[in-house]
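One structure below.
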Amino acid sequence: MRPAVNKPVGCVAACSAQVKEEPAKRAGPTDVGEQSTLPHSRLAHWLQASANAVGGGLFLTLFAVFIIQIGARFGFNRPLPWTDEAAVILYIWVILWAAAFVVPQREHVVFDLVWNSVGQRTRKVMAMVGHLLIGGLALAGLPATWDYVHFMQREATPVLEVSLMWVYLPLVLLMLALVVRSVWAIWQVARGIGLESELRL
């Protein structure tokens, strides 16, 4: 039989400390990197949460107006003209606000038959061209869109007398959001991010 080898207590402690330090050293740069990007992620999360809150508030207001409209018309047989107008205005805001700030890009309807059949380089070119077209068209149409919306401030709704500029203002916000999203997407594609099998335009 071989005699049992007894390691000194100091050696065991030193080895254990070295084993514990190695993962910490490996995790060190990652933690620092995560801490450096943490404020940006918090800001993005806060902005998205704020946009979702505004969209949810608009939808709840639309639902409340819809309930009032039904109750007044069928419950008391006294239709309220302002409810029809408010419902139309809120519907425009809900749809355009959600398309601009709430609905993620991956949730939009896309056709990925060709995308899934090509390689990473071709996907990169396709994504670049697609985002350039979307962002470029939105940027080119933004001045004319704002001119038309600003021109409509002289007109107002018949009942609530709300300026039509405020009614159609979310269209300008949607165009701005398309430009910003396209610029950000082009930056991500240039870094090789977002070229997986799922198409995200």
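Before moving on, here are some points about what is shown:
- The Cα center of segment 133-201 and the Cα center of segment 46-72 differ in position by 21 Å.
- One decimal place: the segment Leu142-Phe63 gains 25.3 nm when fully extended, by the rule 0.36 nm per residue minus the C-alpha distance.
- Inverting the pair-averaged 1/r between distinct Cα atoms of segment 47-103 gives 12.0 Å as its Kirkwood hydrodynamic radius.
- Segments 145-152, 115-122 sorted - mean Cβ within 10 Å per residue, highest first: 145-152, 115-122
- Under the simplified labelling scheme, the Ile134-Arg121 pair shows an inter-label distance of 2.5 nm, with each label point 7 Å from Cα along Cα→Cβ.
Throughout, read-outs are computed from the coordinates displayed, never taken from laboratory work. The structure presented is a predicted model; accordingly, all values stated were derived computationally and were not measured. Cβ atoms come from the backbone with ideal geometry, glycine included; neighbour counts cover every protein chain shown.
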